[in-house]
Amino acid sequence: MIQVNDAIARIGQERMIASIKSPKQIEAFLRTDVTTTFLMMGTLSTLDRYVAHLKRENRTVFLHAERINGISLDRDGIDYLAKRVGADGIVTTKASVLQHAKRAGLLTVQRLFLVDSDAVTSGLKLAEAQQPDAIELMPGLIPSVVEKISREVSFPIVTGGMIRQPIDVHRALDHGAFAVSTGDERLWHVQSQKEELA
């Protein structure tokens, strides 16, 4: 049985994460019932405003570490994101960022690209070593791989990338995904999809 904290458990209940890629998507996100975002944009000068706005609306904010312009992803940079910016978690492909984020008390999502079997094997070894709170498989359109990995790991699995239709969400969830992340605003409206996604 997967052990998860409250924020991760809430993601599993909603089954949807909004990937925000532009400032105008923030307001679209706030009009939904989805409570978690992977913030995929921002700079050192704008990030604190974005996160503060989202946190005022009681949203859980994971920052995509490699997409933040103007910040070093070393220990001090991650501490800044945790303490000054107020992020809840980090999404990253990098082992060092996972280590620093865990030490800073952030939730961690390791992003794994399903390029080939070697990439999957090395990514899963990294996950076993780093023990992230969840892993995100990219792209999320390979149900058989999602299913295989979900049987092999003890981490909740999020799938993302190229998710464009409700059927893509259904397939990912039916094959073992804990939740789906997408930048497609049409898929963020959880209340209207709950019966479909159940």
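The values are calculated or read from the model by the stated rules, or taken from the named source; none is laboratory data. Bear in mind that the values here come from a model prediction, so they are computed numbers and not experimental data. Ideal geometry is used to build each Cβ from the backbone, glycine not excepted, and the neighbour counts take in all protein chains shown. When the accessible area is computed, the model is the full protein with side chains, heavy atoms only, and any ligands, DNA or RNA have been set aside. Shrake-Rupley method; radii C 1.70, N 1.55, O 1.52, S 1.80 Å.
In table form, for the structure just shown:
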quantity	calculated
Answer from Val97, Val109 - the residue that is open to solvent by less than 30 Å² (accessible area, probe 1.4 Å), in contact (Cβ under 8 Å) with a residue 40 or more places away in the chain and either aliphatic (A, V, I, L, M) or out of contact with any Gly (no Cβ under 9 Å at 6 or more places or on another chain) (or both)	Val109
Ile149 within 12 Å of Thr108 (Cα to Cα), of a type in the set (Val, Ile, Thr), at pLDDT 90 or above and buried (at least 19 other Cβ atoms within 10 Å of the Cβ)	no
So Ile135, is it under 15 Å from Ala18 (Cα atoms), outside any helix (DSSP H, G or I) and free of Cβ contacts under 8 Å to residues at least 60 places away in the same chain	no
Residue count, region 133-146 (criterion: open to solvent by 20 Å² or more (accessible area, probe 1.4 Å) and of a type in the set (Val, Ile, Thr))	2
Filter result (open to solvent by less than 30 Å² (accessible area, probe 1.4 Å), touching a Phe, Trp or Tyr at 6+ places or on another chain (Cβ under 8 Å) and closer than 27 Å to Arg151 by Cβ) within region 79-94	Gly89, Ile90, Val91
One residue from Ser22, Ser45 being at pLDDT 95 or above, surrounded by fewer than 15 Cβ atoms within 10 Å (Cβ to Cβ) and of a type in the set (Ser, Thr, Tyr)	Ser22
Residues (without any contact (Cβ under 8 Å) to a residue 12 or more places away in the chain and open to solvent by less than 40 Å² (accessible area, probe 1.4 Å)) located in region 112-132	Ala119
Candidate set: region 51-78, residues that are of a type in the set (Gly, Ala, Ser) and surrounded by fewer than 20 Cβ atoms within 10 Å (Cβ to Cβ); chosen: the one nearest to Pro23 (Cα to Cα)	Ala52
From Asn58, Asn69, residue being modelled with pLDDT of 95 or more and of a type in the set (S, T, N, Q)	Asn58
Among (1) open to solvent by 10 Å² or more (accessible area, probe 1.4 Å); (2) out of contact with any Leu (no Cβ under 6 Å at 6 or more places or on another chain); (3) at pLDDT 95 or above, the one test that Thr36 misses	(1)
